[in-house]
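Just below is one structure, and these are the notes that go with it.
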Number of protein chains: 2
Amino acid sequence: MSMVTGLKKLKNGIMRTYIDCMPCFIRQALEAVRHTTDDAAVHEAVVRRVMELAGKMDMGQSPPLIGQQIHRWVRDFSGQPDPYRKVKQRFNELALALYPELRERVNCADDPLETAVRLAIAANIIDFGVFGSMEPAKLHQTIDECLSANFDVAALEEFRQAVQLAERILYLADNAGEIVFDRLLIEQLPAEKVRVAVKGSPIINDATMTDADAVGLPSLVEVIDNGSDVPGTLLKSCSEHFRYIFENADLIIAKGQGNYETLSDADKPIYFLLQVKCPVIADHLERDIGQMMFHKSDVLTDKQFSVTENL
Amino acid sequence: MSMVTGLKKLKNGIMRTYIDCMPCFIRQALEAVRHTTDDAAVHEAVVRRVMELAGKMDMGQSPPLIGQQIHRWVRDFSGQPDPYRKVKQRFNELALALYPELRERVNCADDPLETAVRLAIAANIIDFGVFGSMEPAKLHQTIDECLSANFDVAALEEFRQAVQLAERILYLADNAGEIVFDRLLIEQLPAEKVRVAVKGSPIINDATMTDADAVGLPSLVEVIDNGSDVPGTLLKSCSEHFRYIFENADLIIAKGQGNYETLSDADKPIYFLLQVKCPVIADHLERDIGQMMFHKSDVLTDKQFSVTENL
């Protein structure tokens, strides 16, 4: 039996929040406030208040929108506009230390695009919240597993073709640290066609322009911010400029759960690259927790079906 | 850095609740109400209400005491006095199906007592909430791992001696299903000295007299109930009869986290057999999550030190 009963999408195309998400919101708020102070009384006050707030929230909203509200409140309460700044910096540095070796691996691979896609998903699998205390041997093992794990090769071929045909590719980044691995994939795409979007302002450990700068992305491709502090891509909270670029992209690469939760039913050609991290998403995608996902949006799936039918 | 900051014991000897416990309480309440109804609106109502209640609770209480209050409320709200009845029954049946094979394994072992102790801890490691969907091969693998994992052999020898010297042994059971594995260990103890205690009334998946009967314990040893619905052993909530037996026992074997949380500083000779399941307990015991624990109470540890000093 599914762990999550009654899973349904919202009519406006985004995932609603499930009651299963509540413990995670509370844990995340605690994690965030711990980055701002060691004072246990403050931790307790924040968790108590977040439970009170979360208990009254409209669950018709998508999880990232609830996350936005909770983390805005934590930032206000703590007076720290970017609780994860040091964490993000550390993860960028850790990932940058691996970059030369991984780039060599991509360039020497039989299929550099496939290797780069796998590493970009691997980076979403490696939980950078755990990474700091992860042994180097264990980290390399995780990367090796992702490089050899089962993978949707047919989707990769379609993706390769879509990249060639596309004129305007939009790459939606997810977290700091992970963005170094995104760079490896971005280097395999035609630079002149690619724009990368990061968050408009700090939210959890999501990459902002500071992180894009730190890992040298702007020297390769155009980087924009989406004007929003939702941990995903909720178009109505994004800037007009971002929305214009989103609407005019003919291929979108979206990293991580937050982008999936906010764009899963968007009427656009999107490849979602993510790790399945929780039972709600696992149910939605009919996959297991921990699985690598190279998932196409409905628009792309429908196109594939019609091709098959015409054969 | 420790995940749990400011970890301290209460002056009266039991562990206090940490803010990290809150997400778990909410998840447990959701799990409990899901066993009573498929109605998602009821699940949501319960979680919202539990967040409100938990947000106001006195965290100076031990986690099992907060668990007692939350699960009492869930039982009242759902009108079901034993939400886990079917689950407990299923896990007893699953474990009983393994019993003949495991008993053979104990009896054929070089050291039956060690094998039985390992299996009793293994049963606390095997999460019976996951067991139902666990492949038989995977289950056997978990048992094999516990049989060969690192283990405190010195503590086992002391335990063997303590069993021989003891006149009144009290075995505090933990969960249904697991109680079948406890039976394997109890069979290695001198039956005339042993009393087994189960919970006085239903609380989560903890074993009650119904479960002791289902797995045939009363035919081997005296089984009593502790008169309480705390998921642990909080003496002030137990019956006078149980407290008398507890006070007069000269060796106590306590299974699982709940008993550790409520008895960690009790002034009694206790062997705690448990799996480390959460960061709060991991910090308290200075161990890793998932580790097998064969842990002595302070009374026993102090005795060991004085013996060593006298050598």
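Table for the structure above
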{"item": "The range B:281-308 residues that are surrounded by 15 or more Cβ atoms within 10 Å (Cβ to Cβ), paired with ones that are of a type in the set (G, A, S) and modelled with pLDDT of 85 or more (beta carbon under 6 Å, 6 or more apart)", "result": "B:M292/B:A149; B:F294/B:A155"}
{"item": "Residue list for the range B:36-65, restricted to those being buried (at least 21 other Cβ atoms within 10 Å of the Cβ) and more than 10 Å from chain A (Cβ to nearest Cβ)", "result": "B:S62, B:P63, B:P64, B:L65"}
{"item": "Test: residue in the range A:276-288 that is at pLDDT 95 or above and either under 18 Å from A:P63 (Cβ atoms) or in a strand (DSSP E or B) (or both)", "result": "no"}
{"item": "Criterion violated by A:D110 - all others in (1) surrounded by fewer than 17 Cβ atoms within 10 Å (Cβ to Cβ); (2) touching a helix residue (DSSP H, G or I) at 6+ places or on another chain (Cβ under 9 Å); (3) away from chain B (no Cβ under 14 Å) satisfied", "result": "(2)"}
{"item": "So A:V33, is it more than 9 Å from chain B (Cβ to nearest Cβ), assigned to a helix (DSSP H, G or I) and either modelled with pLDDT of 90 or more or under 17 Å from B:L30 (Cβ atoms) (or both)", "result": "yes"}
{"item": "Matching entry among B:D144, B:D182 (being over 19 Å from the mean Cα position of the chain (by Cα) and in the same structural domain as B:N107 (by TED's automatic domain parsing))", "result": "B:D144"}
{"item": "Hits in the range A:16-30 - residues which are free of Cβ contacts under 8 Å to residues at least 60 places away in the same chain and either more than 9 Å from chain B (Cβ to nearest Cβ) or over 17 Å from A:P83 (Cβ atoms) (or both)", "result": "A:R16, A:T17, A:I19, A:M22, A:P23, A:A29"}
{"item": "Complete set of residues in the range B:200-225 that are closer than 13 Å to B:Q68 by Cβ and under 14 Å from the mean Cα position of the chain (by Cα)", "result": "B:I203, B:I204, B:D206"}
{"item": "Strands (runs of 3 or more DSSP E) within the range A:152-259 that include 2 or more residues over 14 Å from A:Y271 (Cα atoms) and without any contact (Cβ under 8 Å) to a residue 40 or more places away in the chain", "result": "A:194-198, A:222-225"}
{"item": "Number of positions in the range A:77-125 that are polar (S, T, N, Q) and part of a loop (DSSP other than H, G, I, E, B)", "result": "1"}
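Okay, residues lined up against (1) touching a Lys or Arg at 6+ places or on another chain (Cβ under 6 Å); (2) at pLDDT below 85; (3) polar (S, T, N, Q):
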site: A:D110; (1), (2), (3): no, no, no
site: A:H140; (1), (2), (3): no, yes, no
site: A:L147; (1), (2), (3): yes, no, no
site: A:E157; (1), (2), (3): no, no, no
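The values are calculated or read from the model by the stated rules, or taken from the named source; none is laboratory data. Since this is a predicted model, take the numbers as computed values, not measurements. Here Cβ is always computed from backbone atoms with ideal geometry, including for glycine, and neighbour counts include all displayed protein chains.
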